[in-house]
Amino acid sequence: MPTRTRTLMIAAAVVIAAAGITAGWFIAGRNDPQPPAPVASGSTVSTFTMRGAFTLFVAGAKLAEGTPCKGTGMYDDMQEGTAVKVFNDAGGLLATGSLRRGVFVAPQGATACKFEFSVAGVPEGPLKYGVAIGGHGAKPVTSELARSWVFFSDGP
């Protein structure tokens, strides 16, 4: 095989291998939340407590308001103590909290199980956060909303 052809084939193989390694590294990094970057010694980062609720609508439930409840079916992980994780826009884990005990509510004639939560130690700064509850995917939350009241639901 001529030297030029062999050199081009080796160069192409190196480029393809590098692209594969880079793609794998990128994909693995996006699925593996990283802790926030360390803060320089002596500096402080302002934090806040994110507060909110997740409402799981339940068709036809006949419970008195305030009765304890928990999720079922695809939401069977929705119960007191389930992790609530806050991520930055790059997917890095910033802080973790948990759901409080679910209570039955009947807003505007609907029936639902409502879980309040709080996550302390959320760093100030990002314009957008991601919030994941239990094993469910992260939902985007604006910086403004993150500092007031975050509301999620599985329905209307």
### Task
Please find the FRET efficiency linking residue 136 to residue 44, where r is the Cβ-Cβ separation and R0 is fixed at 25 Å, and quote it to the nearest 0.05.
0.15
### Contact order normalised by residue count of the stretch 62-119, Cα under 8 Å, 6+ apart, percent
35
#### Entry: 15 Å beta-carbon shell around residue 58, net charge (K/R +1, D/E -1)
0
### Message
Could you tell me what a quarter of the Cα convex hull surface of the stretch 47-153 works out to, in nm² with one decimal place?
### Response
6.5
### Task
Treat every Asp and Glu Cβ in the stretch 47-153 as -1 and every Lys and Arg Cβ as +1, leave all other atoms uncharged, and give the resulting dipole magnitude about the Cα centre to the nearest 20 debye.
120
### Query
Among the aspartates and glutamates, which have Cα under 14 Å from the Cα of residue 128 when same-chain residues fewer than 8 positions away are ignored?
89, 144
### Task
Return the subset of 62/114; 62/85; 85/114 for which the Cα-Cα distance in this structure is over 26 Å, preserving the input order.
62/85
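Taken together, the values in this text are just the output of simple stated rules run on the coordinates, not laboratory data. Here the structure is a predicted model, which means the values were calculated and not measured. Note that each Cβ is placed from the backbone with ideal geometry, even for glycine, and that neighbours are counted across all protein chains shown.
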